[in-house]
Amino acid sequence: MKSLQNQRIDIEISQLLQNALDYNPEIHHQYAIVIPCYNEEKRFAYQEFKTFAQKHPEVLLCLVNDGSKDRTLAVLRGIQTESPGNIVVFDMPQNGGKSEAVRQGMLFVHKNYNSKLIGFLDADLATHPEEWLLMAKYKEAHPKFGAIVGSRIQRLGAEINRDDSRSFASKMIKKIIKSILKANFQDTQCGAKIFQRNLVPFLFKNNFQTPWLFDVEIFLRLQEKFGKTTLQKGVLEYPLLQWSEIGDSRLKLKDTIKIPLQLLGLYYHYQVKKKPKSIMNKKLLTLSIQPN
């Protein structure tokens, strides 16, 4: 049986958690960061996120538990009690993968909060939330752009710790992505991205076709809605000052086979499958305006 002291501690913890869950923030969150978390119990950057949240009450942190099998949810609930005004936990009972966790989190924030700029960030802190906030403020200084994305460009003055010894397959995949998007993107796969509020419902309403290439799919959806020149005129690449490669993110053999096939699938879905309808609509429009 638990001692009276342990029971008292359990009651206090439960009360703290309940207070966090019931918290109705009065402060307006100008920015919102969605952070997908899967099995992060032992590696979650608890102190870093806590410090950032307490320093920046104008930024909402939405921590998405992606059906973790360990005690990640308990860790996330714990940090929520530390800063209930701007940390919220969204729990997905079943694992859906990073793309689904990001999608669900973006829609949750859009529905429940009035943040003007909503984006996402990786839980491993490859990009720090402070730099995400710099990106958001840079986006505000350039309001004509609907989105801003982090770019891990090696350059003087930047601390970009990235393995550039890329394989031939990796370089080919980058070329395929550029060809599909028809834009000179330097980096589509960086985990730091921000969108103005009105774009979120369109970009994240439907499930993504692939679990790992959803970044590319976001840009294809932008092109589908606003036209082929959208990326050049509406998306701003932001060269990060700091980025650190966490773990082994190099392409594995099975990925070198799957990813090109998935990219071709995206190309067919967004740029080939819907072309006949658009061509037919143009023909009908031409016929309708021709004099009898």
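Taking the inverse of the mean 1/r over every pair of distinct Cα atoms in segment 26-126 gives a Kirkwood hydrodynamic radius of 13.2 Å.
With each label modelled as a point 7 angstrom along the Cα→C-beta vector, the Y138-E58 pair spans 1.8 nm. The charge dipole of segment 44-133, taken about its Cα centre with unit charges on the Cβ atoms of Lys, Arg (+1), Asp and Glu (-1) only, comes to about 280 debye.
The protection proxy used here, the mean number of other Cβ atoms lying within 10 Å of each residue, ranks peptides 28-38, 101-111, 259-269 as follows, highest first: 28-38, 101-111, 259-269.
Taking label points 7 Å from Cα along the Cα-to-Cβ direction, Q189 and K42 give a separation of 2.6 nm.
As a quick test, which of the pairs K137/K175; K111/K178; K205/K258; K98/K258 have an alpha carbon distance above 27 angstrom in this structure? Distance filter (> 27 Å) returns K137/K175; K111/K178.
Every read-out reported here was derived from the displayed coordinates using simple, explicitly stated rules and does not represent laboratory data. Note that the structure is predicted; figures quoted are calculated from it, not measured. Neighbour counts run over all protein chains shown; Cβ positions are idealised from the backbone, glycine included.
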